[in-house]
Amino acid sequence: MPYRKKLSTGVARGDNDGMKPLHIGIAACSAEGAALCYRTICTEAPALLAPHAHPEVSMHTPSLADYMALIYRGDWAGVGVMMLASAHKLKQMGADFVICPDNTLHQALPLVEARSPLPWLHIADGVAAEADRRGFLRIAITGTRWLTESEVYPEKFAARAIGYLRPGLAEREEINRIIMDELVYGVFKPAAIAYLQKVIERMRVEGCDAVVLGCTEIPLIINDANSPLPTLDSTRLLARAALKRAAEEKALAA
């Protein structure tokens, strides 16, 4: 019989019936993207649960420098080991499942997912589902150069018969510089906004009808109000997917 953990205080409205949602674990990489994901979970949860209510959330954040040393070497197995270590620590904290608010790291997830002590929500699954729901046919991909050159999004889009377009080589390098030298440090410059707008506009002209903000920091400077294309905000979509999962009933362990 399925059950939820009992709320210690307050009463959730709707079909939550006063039962506590699942505990979300966040395997973080960069601070800005993880913070936006965390804030989204906490600020949007009351509309789903009850006033001031949100799921229990635990976060583990290793040093970004440790991740980057592996990424620069192309050691995705090593990246996976770090993600797995976060999952084990989050399990010890009581988390029921894990999310990673970092698109680039998802290249390593298939290497360790089967060995993880907790299930993961894949960031690109939520983006692809939203693109499909809204009827988009060709998605512009933005993000770090590692992400835009990977199959993280192409595989998920192909499974739903959605096309995609990657930035050009020079564009990938400049967007990567903006992300790694500015956005992850909380530096937001008008020139960076203008450059991303230029790249998105070029991809619009080439037939894209939406853009995935495939770096969890990009939504801090690009959104539907200033983008030449409708945006698919990977950070907030992941947070919303986690909220939806957390609100589902937790099956009784066999």
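Take the residue pairs 91/189; 89/189; 156/198 and return only those whose Cα atoms are more than 29 Å apart.
Values: 91/189 38 Å; 89/189 36 Å; 156/198 26 Å.
Flagged as over cut-off: 91/189; 89/189.
Give the separation of the Cα centroids, the stretch 27-42 to the stretch 206-245, in Å.
Here the two parts' Cα centres lie 14 Å apart.
Quick query: amide H of residue 142 versus all other amide H atoms, modeled in the peptide plane; which residues come in under 5 Å with a sequence gap of 5 or more or a different chain?
It is 212, 214, by chain and number.
Between residue 56 and residue 224, what is the label-point separation in nm under the 7 Å Cα-to-beta-carbon projection?
Going by the 7 Å Cα→Cβ label model, 3.5 nm.
Could you sort 23-31, 205-213, 88-96 so that the peptide with the highest average Cβ count within 10 Å comes first and the rest follow in order? Provide the component values of the computation, followed by the final result.
Numbers: 23-31: 23.8, 205-213: 20.1, 88-96: 17.0.
The most tightly packed comes first, giving 23-31, 205-213, 88-96.
Got a sec? What order do 79, 184 fall in by accessible area at 1.4 Å, biggest, i.e. largest, first?
Details: 79 0, 184 25 Å².
Sorted descending by solvent-accessible area, the residues read 184, 79.
For every helix of n ≥ 4 consecutive DSSP H residues, a contribution of -39,500 (n - 2.57) applies; sum these over the chain, divide by its total residues, and give [θ] at 222 nm rounded to the nearest 500 deg cm²/dmol. Intermediate results must be reported in sequence, preceding the final value.
Details: 10 runs with 115 residues, N = 254.
After summing the helix terms and dividing by residue count, I get -14000 deg cm²/dmol.
Would you list 76, 120 from the most to the least accessible area, probe 1.4 Å? Present the calculation step by step, with values, prior to reporting the outcome.
Numbers: 76 50, 120 20 Å².
Ranked from most to least accessible, the order is 76, 120.
Quick check for you: with a 1.4 Å probe and neighbouring chains kept, what is the accessible area per residue of the stretch 24-100, in Å²? Let's see the in-between values first.
Numbers: 3190 Å² over 77 residues.
I get 41 Å² per residue for this part.
Compute the angle between helix 31-48 and the longest alpha-carbon principal axis of the chain, please, reported from 0 to 90 degrees and rounded to the nearest 10.
50
Hey, what do the phi angles of the stretch 94-107 turn into as Karplus ³J(HN,Hα) couplings, whole Hz, using 6.51/-1.76/1.60 and θ = phi - 60°, x for Gly and Pro?
Each residue of the stretch 94-107 in turn: x, 5, 9, 7, 10, 10, 10, x, 8, 5, 4, 4, 5, 4 Hz.
May I ask for the net charge around residue 217, where only other residues with Cβ less than 10 Å from the Cβ of residue 217 are counted and Lys, Arg are +1 while Asp, Glu are -1?
-3
What is the spin-label model distance, in nm, from residue 132 to residue 170 if the labels are put 7 Å beyond Cα along the C-beta direction?
3.8
Name the residue, out of 166, 133, 204, whose mean-square fluctuation peaks in a Gaussian network model built on the chain with Cα pairs under 10 Å.
Ranking 166, 133, 204 by mean-square fluctuation puts 133 first.
Whenever you get a sec, compute what percent of the accessible area on the chain sits on carbon and sulfur atoms (1.4 Å probe). It would help to have the intermediate numbers written out before the result.
On the way: 6270 of 11390 Å².
Taking all protein chains in place, the chain shows 55 percent carbon and sulfur surface.
Provide the FRET efficiency to the nearest 0.05 for the residue 194-residue 31 pair, computing r from the beta carbons and using R0 = 22 Å.
Numbers: r = 25 Å, r/R0 = 1.12.
My answer for the efficiency is 0.35.
Would you mind checking the tilt of helix 123-133 against the longest principal axis of the Cα atoms of the chain, expressed as 0 to 90 degrees and rounded to 10?
80
Between the stretch 160-196 and the stretch 89-142, what's the alpha-carbon centroid distance in Å?
Between the Cα centre of the stretch 160-196 and that of the stretch 89-142, the gap is 20 Å.
The values are calculated or read from the model by the stated rules, or taken from the named source; none is laboratory data. Given the structure is predicted, the values throughout are model-derived calculations rather than measurements. All Cβ positions, glycine included, derive from the backbone under ideal geometry; neighbour counts span all protein chains shown. We work out accessible area using only protein heavy atoms, side chains counted, and drop any ligands, DNA or RNA first. Shrake-Rupley method; radii C 1.70, N 1.55, O 1.52, S 1.80 Å.
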